[in-house]
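Below you'll find the structure, written out as C-alpha cells, and then a few comments.
Coordinate-derived values only; no laboratory data. Keep in mind that what you see is a predicted model, and the values were worked out from it rather than measured. Glycine gets a Cβ as well: all are built from the backbone with ideal geometry, and neighbour counts include every protein chain shown.
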Amino acid sequence: MNLLRKIRFLLLVKILWRRYRIGKNFYCGRSVILWAKNCLEIGNNFYIGRYSQIECDAVIGHNVIIANNVALIGRYDHNYQQVGAPIRLASSIRQNGYRWKGLDSKVIIEDDVWVGYGSIILSGVKIGKGSIIAAGSVVTADIEPYTIAGGVPAKRIGNRFENENDLKEHIRLYNLNYSAGKSVL
C-alpha cells in the first residue's frame with residue numbers, strides 16, 4: 001500500500017471517523033460516507049468500495065466486503081407521519097430531538113459477508129455469517145447464514161456452498177485461520 005493511501009486511511013479513521021470503532025486493515029474507496037447516530041462498529045479486514053455509504057447505526061463483523069455504490073440506510077430517517085409538516089420539513093433522525101421510530105434500529109452484518117454492487121440494506125436487518133447479497137438487491141428482512149440472497153426485496157436464491165461437507169470444511173478452516181478477525185495482511 002502506498003504512503004498516500006496509508007495517510008488517507010489514517011486521517012479518515014483517526015480524525016474524521018474517530019467516534020466510530022473501526023478495526024485493523026480497514027479499506028475504503030473514494031467518496032465513501034460513514035454516519036451513525038449512536039454506534040458504528042466495523043471489524044477487522046473490512047473493505048468498502050467507491051461511492052458507498054453507511055448512514056445508520058450498524059455493527060459489521062470481520063472479513064466483510066461491501067462493493068461499490070452500496071448503501072446501508074435507516075428505515076425511519078424522517079418522520080413521515082408528523083402531522084402538519086411536509087416530509088421535507090418533518091423531523092429527521094439527524095436532529096437531536098428526534099423521538100420517532102428507528103432510534104434503536106441498526107444493520108447487523110456478521111463475519112465473512114459479501115454485499116454486491118449497488119445493493120441497499122435497510123436498518124433493522126441482520127445478514128448472517130458467510131452470506132452473499134447479490135448485486136442490486138434491496139434487503140428488507142434478515143438473511144440466514146451461508147446463503148445467497150438477491151432481488152427486490154432480497155430473498156434466498158441459493159446456498160453459498162454446494163454441499164454440507166464443503167460448508168463444514170469452510171467453517172472449520174475459517175475458525176482456524178480467521179477467527180476474531182485475525183489479520184490477513
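Select, from S119, S123, the only residue that is farther than 19 Å from I65 by Cβ and touching a Gly at 6+ places or on another chain (Cβ under 7 Å).
Exactly one of S119, S123 is farther than 19 Å from I65 by Cβ and touching a Gly at 6+ places or on another chain (Cβ under 7 Å), namely S123.
Could you please find all residues in region 138-167 being of a type in the set (D, E, K, R) and either under 25 Å from I73 (Cα atoms) or in a loop (DSSP other than H, G, I, E, B) (or both)?
D142, E144, K155, R156, R160, E162
Is it the case that some residue within region 31-39 is free of Cβ contacts under 8 Å to residues at least 60 places away in the same chain, assigned to a loop (DSSP other than H, G, I, E, B) and in contact with a helix residue (DSSP H, G or I) (Cβ under 9 Å, 6 or more places away or on another chain)?
Yes, region 31-39 contains a residue that is free of Cβ contacts under 8 Å to residues at least 60 places away in the same chain, assigned to a loop (DSSP other than H, G, I, E, B) and in contact with a helix residue (DSSP H, G or I) (Cβ under 9 Å, 6 or more places away or on another chain).
Of these, A67, A71, A36, which one is touching a Gly at 6+ places or on another chain (Cβ under 6 Å) and under 21 Å from E110 (Cα atoms)?
Result of the check over A67, A71, A36: A67.
Per-residue answers, yes or no, for (1) under 24 Å from G97 (Cα atoms); (2) surrounded by 18 or more Cβ atoms within 10 Å (Cβ to Cβ):
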{"site": "L4", "(1), (2)": "no, no"}
{"site": "F9", "(1), (2)": "no, no"}
{"site": "K14", "(1), (2)": "no, no"}
{"site": "F26", "(1), (2)": "no, yes"}
{"site": "I33", "(1), (2)": "yes, no"}
{"site": "N38", "(1), (2)": "yes, no"}
{"site": "Y51", "(1), (2)": "no, no"}
{"site": "D57", "(1), (2)": "yes, yes"}
{"site": "V70", "(1), (2)": "no, yes"}
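Of all residues in region 120-156 being basic (K, R) and touching a strand residue (DSSP E or B) at 6+ places or on another chain (Cβ under 8 Å), which is nearest to Y178 (Cα to Cα)?
My answer is K126.
Quick test for you: out of S137, S131, pick the one residue that is farther than 22 Å from N38 by Cβ, of a type outside the set (K, R), surrounded by 17 or more Cβ atoms within 10 Å (Cβ to Cβ) and free of Cβ contacts under 8 Å to residues at least 24 places away in the same chain.
S137
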